[in-house]
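The values are calculated or read from the model by the stated rules, or taken from the named source; none is laboratory data. These figures come from a predicted structure and were not determined experimentally. Cβ placement follows ideal geometry from the backbone for every residue including glycine, while neighbour counts extend to all protein chains displayed. When the accessible area is computed, the model is the full protein with side chains, heavy atoms only, and any ligands, DNA or RNA have been set aside. Shrake-Rupley method; radii C 1.70, N 1.55, O 1.52, S 1.80 Å.
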Amino acid sequence: GKVIVATNKGVYILVPLPLEKQIQDLLASHRVEEALVLAKGARRNIPKEKFQVMYKRILQQAGFIQFAQLQFLEAKELFRSGQLDVRELISLYPFLLPTSSSFIRSHPPLHEYADLNQLTQGDQEKMTKCKRFLMSYLNEVRSTEVANGYKEDIDTALLKLYAEANHESLLDLLVSENFCLLTDSAAWLEKHKKYFALGLLYHYNGQDAAAVQLWVKIVDGDIQDSTRSDLYEYIVDFLTFCSDQDLVWKYSEWVLQKNEEVGVQIFTKRPLEEQEKTNINPDDIISCLNKYPKARVKYLEHLVLERKIEKEKYHTHLAVLYLEAILQLKSVTTDNCTETTELLFKLRSLLQKSDLYRIHFILDKIQGTDLHMESAILYGKLEEHEKALHILVHELKDFHAAEEYCIWNSENKDMQYRRKLFHMLLTVYLNPSASDCALVMAAVDLLNNHAAEFDAALVLQLVPDSWSVQLLSPFLSGAVRQSIHTKRMTQVALGLAQAENLIYKYEKVKQRGTPILLSEKKVCQVCQNPFCEPVFVRYPNGGMVHKHCAANRHLNSNMTHNSSSSSNQT
């Protein structure tokens, strides 16, 4: 029953070996393709379930053989086909599996290597390639069914690989959904001095206080991590959207000390719905910002101009801060620098647009200063327009500003109020006690440029008799044109009203219905006698009866109704 073969050099005997032993011998000789072909060929001779178990294991073994030869693409396909428990691969890399992992390698083993050091024989280049492959493979399988049941092991190993290689995907992993184990991951990140990433890990695990504390240490230089050059701005942004009010207050002083104008964003850039929902009192914030003047102004601007809170104290406070800053700058230099110009613009805009500040209080503070434009605006708010216009015309000699004053003060007012202001300005220009050629020219320009704003009849009474028609020709042309336009528009409106009235009259006639014809041939529906006089009663159904018949019928109906009611009661 045995085959013996003799040669010149020896005698051989062929011994039948089990199929699995043949496949394992081929794998041991790294003859992967032959082993897989032999395994596939045996499918018909082995029960299905037993074959699947055997074939998966062969694929996994073949994958590790290819992996050891750095044939990573082939290895990856074999691992996938063989449904390899990815922890078998992770366990080759020292310290990647979490200390809490309960994983035990397959027995009998799928490969002959203790770890990656043995596999690469200490070759750093090979080791780097193997780690790069594992990064890629873990990143691919972490969101697939392969990871089910041990996502913590996979994500923790991936984090460790990223941190060790200083890989840019480390931050992406930590800001997205992940299952990194906090204890193992934190120790590893700290070991590799990835403190910013460690803060993200703390934040993901709900430990915001620990995260901010770590980031603050980086900014202060207590620990070194150059991951983000804009870490201070990142902390401000983080606190801005942080729902933990105690944490925000704890670091508010720190962010403001670093940079007032940026730090105040933790209060001004907070989501509006959160500002309305939370109990952070704006008064408490203002008290906190008293030591930081720039931040205080920014916060009041946020309340008044952005959130449009209608409280007198905030509007007055902001106006006073603008005013004090302007006077402070003017005391240092007489020239208007860029900062002074910007503050003047903000103050004027606030004084013009707001109706909530204490006008007399601000006016008292401005008295004795050279802020004439601001004084004019305040007098305008008090409806003391003559004083305001006097300042603009005689003290500032700013005729354009005087015209603008009339325009913005009459916004949302009727035409009569607007004309009143322009007539006031014309009166100031033509005041006999201040005869000045510049004022005369300003008056002429005012009339010629704003003809529509004046009552021409009143203007002709005001202007001096010495003025020529040619001087006022643009005004007169505009006035005549406006008068004709008004007349024609009135005629159009009258015509439209008459047409509308006619339509209503027609509708009224239609509502009266069709005419009722009464003739000798018509008879009363009650007595059947003809009508002798043009007096009748018409029922809704169109029937006509004598007046006395209708009255008798109504009386009889009532009597019948009363009789039936009595009968019912009986």
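Expressed as a whole percent, the accessible area of the chain that falls on carbon and sulfur atoms is 52 (1.4 Å probe). Applying 1/(1 + (r/R0)^6) with R0 = 35 Å to the Cβ-Cβ distance of Ala493 and Thr427 gives a FRET efficiency near 0.60.
Solvent-accessible surface of the chain, averaged per residue with a 1.4 angstrom probe and all protein chains in place: 60 square angstrom.
Of the GluC sites (Glu not before Pro) found in the stretch 247-326, the ones in coil according to DSSP and having at most 16 other Cβ atoms within 10 Å of their Cβ are Glu310. Reported to the nearest whole Å, the Cα centre-to-centre distance from the stretch 43-92 to the stretch 3-27 is 27. Summary of the geometry: the stretch 349-364 and the stretch 217-240, compared by the centres of their Cα atoms, lie 41 Å apart.
At the residue level, Asp284 shows approximately 80 square angstrom of accessible surface with a 1.4 angstrom probe and all protein chains present. For Tyr150, the solvent-accessible surface computed with a 1.4 Å probe is close to 40 Å², ligands and nucleic acids excluded. Looking at the chain, the pairs of alpha carbons with a distance over 35 Å make up 71% of the total.
Model label sites at Gln482 and Gln124, defined 7 Å from Cα along the beta-carbon direction, differ in position by 8.9 nm. For the pair Asn541 and Ala209 in one chain, pulling the backbone fully straight at 0.36 nm per residue adds 110.8 nm over the alpha carbon distance. Reachable lysines from Lys346, Cα under 19 Å, same-chain residues fewer than 8 places away excluded? Excluding near neighbours in sequence, the set is Lys294, Lys298, Lys308, Lys311, Lys313, Lys330, Lys365, Lys381.
Annotation note: trypsin sites (Lys or Arg not before Pro) in the stretch 1-42 located in DSSP loop regions with a Cβ neighbour count of at most 12 within 10 Å are Lys2, Lys9.
For the stretch 455-543, which GluC sites (Glu not before Pro) are in a loop by DSSP, counting at most 16 other Cβ atoms within 10 Å?
Glu520
Remark: C-alpha extents of the stretch 410-512 on the principal axes read 72, 29, 19 Å, sorted largest to smallest. Measuring r between the beta carbons of Tyr12 and Ile46 and using R0 = 25 Å, the FRET efficiency lands at 0.30.
Multiplying the residue separation of Lys250 and Lys353 by 0.36 nm and removing their Cα-Cα distance gives an extension gain of 33.4 nm.
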